[in-house]
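Here is the structure we will look at, set down as structure tokens.
The values are calculated or read from the model by the stated rules, or taken from the named source; none is laboratory data. What you see is a predicted model; the values in this text were computed from it and never measured. Counting neighbours? That spans all protein chains shown, and the Cβs are built from the backbone with ideal geometry, glycine included.
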Amino acid sequence: MGHALLQTPSFYGLLRRLDEDLTREVREKGCCHCGGPLHCADYPRKPRGCPPQARPDCDVRLSLCCADCRKRTTPDSVRFLGQRVYLGIIVVLQSNRTEGLSLDSLPNIGWAPAVGQIPPGMVTSNSPT
């Protein structure tokens, strides 16, 4: 993946459309707790690592709420990693840098956090020592 792609707003638009497809699939199945209908219950996000021009595609986490039991269902996302504040793509790329892997084709991205700025525990190492 080239660094130019990460700076293209349409890339983040594509990721949002993929999230919308995942949400639609979950909505069609209904509530996993009671089988009731699911309604939109999106919530705002302020993700770090998002280029300013792509912020409209990254400022909402798609989620659903059951009309009967009121329990929230948050579908998987290709943009976000759980409750993390950084975009998933940024965490993946930065974790590769901390492992010493060469990403020569990916220069430092001005809007992405530096390795030392990611809080401890955010990037975990699964590599053998």
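Would a scan of the stretch 8-18 turn up a residue that is loosely packed, with under 14 Cβ neighbours inside 10 Å, without any contact (Cβ under 8 Å) to a residue 40 or more places away in the chain and part of a loop (DSSP other than H, G, I, E, B)? Checked against the condition, which is being loosely packed, with under 14 Cβ neighbours inside 10 Å, without any contact (Cβ under 8 Å) to a residue 40 or more places away in the chain and part of a loop (DSSP other than H, G, I, E, B), the stretch 8-18 yields no hits at all. Against the conditions (1) surrounded by fewer than 12 Cβ atoms within 10 Å (Cβ to Cβ); (2) more than 23 Å from Leu6 (Cα to Cα), Pro44 satisfies every one except (2). Across the stretch 59-86, the qualifying residues are those that are basic (Lys, Arg) and in a loop (DSSP other than H, G, I, E, B), and the one among them that is surrounded by the most Cβ atoms within 10 Å (Cβ to Cβ) is Arg79.
For the stretch 85-100: of the residues being more than 10 Å from Cys50 (Cα to Cα) and among the hydroxyl-bearing types (Ser, Thr, Tyr), which is modelled with the highest pLDDT? Result: Ser95.
Among the residues making up the stretch 35-56, those that are at pLDDT below 95 and farther than 17 Å from Gly82 by Cα are Gly35, Pro51, Pro52, Gln53, Ala54, Arg55, Pro56.
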